[in-house]
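In what follows, a structure is listed as structure tokens, so that the remarks can point back to it.
The values are calculated or read from the model by the stated rules, or taken from the named source; none is laboratory data. Computed from a prediction, not measured in an experiment: that's the story for all the values here. Neighbour counts are summed over all protein chains in view; Cβ atoms, including those assigned to glycine, are modelled from backbone coordinates with ideal geometry. What goes into the accessible areas is simple: the full protein's heavy atoms, side chains included, and nothing from ligands, DNA or RNA. Shrake-Rupley method; radii C 1.70, N 1.55, O 1.52, S 1.80 Å.
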Amino acid sequence: MAQVKIDNVIKRYGSVQVMHGVNVDIDDGEFVVLVGPSGCGKSTLLRMLAGLEEISDGAISIGDRVVNDVPPKERDIAMVFQSYALYPHKTVYDNIGFPLKMAGRDKSEIDQKVRGAADILDLTKYLKRYPKELSGGQRQRVAMGRAIVRDPQVFLFDEPLSNLDAKLRVTMRVEIKELHQRLGTTIVYVTHDQIEAMTMADKIVVMRDGRVEQIGAPLDLYDNPANVFVAGFIGSPSMNFIHGQIVTDGGVRQFRSDSGLLLPLPQTALPDGHKVTYGIRPEHIAIGNHGVPLRVVVVEPTGSETQVFAKHGGDFVDALVKDRFKAAPNSEVRFVIDPANVHLFDRTTEQRL
Amino acid sequence: MQSNRLGWILLAPTLVILFFFGVLPFIYVVYVSFHQWNPFAADPTMIFNGADNFRKIVFDAEFLNSVSVTVIFVLFAVISELVVGYVLAQAFMKEFPGKAIFRTIHTLPLIMAPIIVGSVWKLMMTPSIGIIPHYLNAWFGISINIGTSPVAAFATIIIMDIWHWTPLVTLTLIAALVSLPPDPFEQAQIDGANKRQIFFHITVPMIAPAVVATVFIRLMDALRTVDEVWMLTGGGPGSATRFVGVHIFKEVFPKTNYGYGSTISVIVLYLTIVACWLLYVTMLAPRNKKD
Ligand SMILES: Nc1ncnc2c1ncn2[C@@H]1O[C@H](COP(=O)(O)OP(=O)(O)O)[C@@H](O)[C@H]1O
Ligand SMILES: [Mg+2]
């Protein structure tokens, strides 16, 4: 187990810079999730941690050791690739035992550890099979097994669940989290799926275009997003954003959207006329008799919840309510917004105000 | 059913050609091998003589010698071609200045007919006019004469074969290496394998099918090498380079002994199949069985 420090790391491919000074501190035993849209540099960062990619500038340390020039095999890390990267010509047993064999452990120890891991991961029946004779979920577990027999300082996972079907993904999410609780090893986990990030992480690192946008605990990011990007990325369905400005209307300070929609404001020192982006999460909107009037576009019931898409002029707002709700398209609906749940962002910098 | 019939119709031309130019001649050779037949002799009739030809083979010292000479040649040539071919293939996987030109030049021997390769090497190797004996003598004081030294003749043929056929091995190995997925190699680094371990545990097993296929092709080709050797040494000095192909050739052409020549061909084919089968069993079958 070890803490990991990523210090002002820069990555260039030739003349193209894809990582622009990334700083992340990871505590010993922490479960850190790197999340961001595809192409933002999550895999590149993870591969630099693993030593598969060179660091153009900055420093990465694992434990107390700067590992910039340490080859992967000496970093004492285990990694699970998105493709699982199983050895196609080796059985499940030999796949899981491979790192131990390379470390020169004796046969009986390898046998004991491989069987132990297979037991935890429910793979005992498949030890003699080859990777191509396994389902996606089983392959994924073999890759996990190969990582856990190592007892490494740090686990690195690169989108390990993205090739699984939705149901299996939920099961494996729980299993990985449970594994972390049992082993207590530091984990750096990459995903583009914010639900995975929210449910598994102790700490989330939100990335965009090779930069860190915000670092924090899942609920911290949900409650206090630093900017429009994080606010829109964390939480599902996404936060509503409405462009407009602050006005005083009938003696009350309000937000008026570009299409003239008036919405309630929290306490703010911003002057009238200040251009802002108004953010409200769908689940923070209720339907009532005295709210803001909009026109229904679509109603999507899922059984446990109902999502109501509505609009006013060019502004679209959706609400997620617990109650069943029916409405004809184009009928009027009133959205009730508690100003305490509203987030205001500067319209040009997109930073939270 | 419809598509099945269409498939056969589309295959038919190939099958017909294959039948007339592959299957029929083969059956005919097997048929001839049970006969005494010399169509250019005073009595050109084909006389059935049972297994006489096959019995004769077992006691044919020249044939047995040619088999052992061929086996030694094939072992040296094919193993060297694999090693050199692999090293070149790995080199071509990397970027270096002049790579495109070098790769083109390196494949040129492949497009040359064996008979031409043989004549060119003969020109280069003949004492007093050849460039190689000349410089070997001028620079290192070594004098070689493929006309009198069995070792020199044998070694020259092996080197000529390596020169001629290594590009084929390189090309197939490049194709195999290029198509390898990168992930298992990165995974192996993370799993703590060093370069040597990655080579033996990951690279070799993953390119084994391509290697075996290449060895099959080279093995079959090398076992029936005739023209280059015929050109260069004529099978000599003595019988030092009298490979089975050359032996059959001598049996059939100067002596026009078609019956016995066919018998040797059938036996050589059989030995080739056995060799390939052994190779397959040792290299690939254990894995495929579990597939
Ligand atoms: N080998 C490479 N050469 C050039 N650019 C690369 C290479 N690998 C990744 N990139 C670029 O780096 C950026 C980050 O990629 P990646 O880390 O794979 O993103 P993510 O895993 O977040 O989807 C992308 O813009 C990608 O095009
Ligand atoms: Mg990625």
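Numerical summary
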| item | result |
| --- | --- |
| Residues satisfying the stated conditions in the stretch A:301-324, i.e. open to solvent by less than 50 Å² (accessible area, probe 1.4 Å) and out of contact with any helix residue (DSSP H, G or I) (no Cβ under 9 Å at 6 or more places or on another chain) | A:G303, A:T306, A:A310, A:D315 |
| Verdict on A:M19 being within 16 Å of ligand 1 (Cβ to nearest atom) and either under 23 Å from A:M102 (Cα atoms) or open to solvent by 20 Å² or more (accessible area, probe 1.4 Å) (or both) | no |
| Identity of the residue in the stretch B:195-213, small (G, A, S) and surrounded by 15 or more Cβ atoms within 10 Å (Cβ to Cβ), that ends up nearest to the other protein chains (Cβ to nearest Cβ) | B:A208 |
| Hits in the stretch B:124-133 - residues which are assigned to a helix (DSSP H, G or I) and loosely packed, with under 14 Cβ neighbours inside 10 Å | B:I131 |
| Residue list for the stretch A:326-348, restricted to those being in a loop (DSSP other than H, G, I, E, B) and open to solvent by 50 Å² or more (accessible area, probe 1.4 Å) | A:K326, A:A328, A:P329, A:N330, A:D338, A:R347, A:T348 |
| Candidates A:I195, A:I204 - the one that is modelled with pLDDT of 95 or more and over 30 Å from A:G273 (Cα atoms) | A:I204 |
| Given (1) within 13 Å of chain B (Cβ to nearest Cβ); (2) open to solvent by less than 10 Å² (accessible area, probe 1.4 Å); (3) within 16 Å of ligand 2 (Cβ to nearest atom), number of the condition A:I77 does not satisfy | (3) |
| Whichever residue in the stretch A:4-16 is more than 9 Å from ligand 1 (Cβ to nearest atom) and in contact with a strand residue (DSSP E or B) (Cβ under 6 Å, 6 or more places away or on another chain) and, among such residues, is nearest to A:R182 (Cα to Cα) | A:V4 |
| Filter result (over 20 Å from the mean Cα position of the chain (by Cα) and either within 16 Å of ligand 2 (Cβ to nearest atom) or away from chain B (no Cβ under 14 Å) (or both)) within the stretch A:2-19 | A:A2, A:Q3, A:D7, A:N8, A:V9, A:I10, A:K11, A:R12, A:Y13, A:S15, A:V16, A:Q17 |
| Members of the stretch A:140-182 that are assigned to a strand (DSSP E or B) and out of contact with any Leu (no Cβ under 6 Å at 6 or more places or on another chain) | A:V154, A:F155, A:F157 |
| Residues being more than 14 Å from chain B (Cβ to nearest Cβ) and either assigned to a loop (DSSP other than H, G, I, E, B) or within 13 Å of ligand 1 (Cβ to nearest atom) (or both) - total across the stretch A:32-74 | 17 |
| In the stretch A:88-111, residue farthest from the chain's Cα centre (by Cα) [restricted to those that are crowded, with 23+ Cβ neighbours inside 10 Å and within 7 Å of chain B (Cβ to nearest Cβ)] | A:F98 |
| Sole residue being closer than 30 Å to A:T306 by Cβ and outside the structural domain of A:V317 (by the TED database), chosen from A:F229, A:F157 | A:F229 |
| Test: residue in the stretch A:51-70 that is within 21 Å of A:M144 (Cβ to Cβ) and within 16 Å of ligand 2 (Cβ to nearest atom) | yes |
| Qualifying residue in the stretch A:196-215 (condition: assigned to a helix (DSSP H, G or I), within 16 Å of ligand 2 (Cβ to nearest atom) and touching a residue at least 60 places away in the same chain (Cβ under 8 Å)) | yes |
| Residue match in the stretch A:265-287 (condition: more than 31 Å from the chain's Cα centre (by Cα), in a strand (DSSP E or B), surrounded by 16 or more Cβ atoms within 10 Å (Cβ to Cβ) and not assigned by the TED database to the domain that holds A:E213) | no |
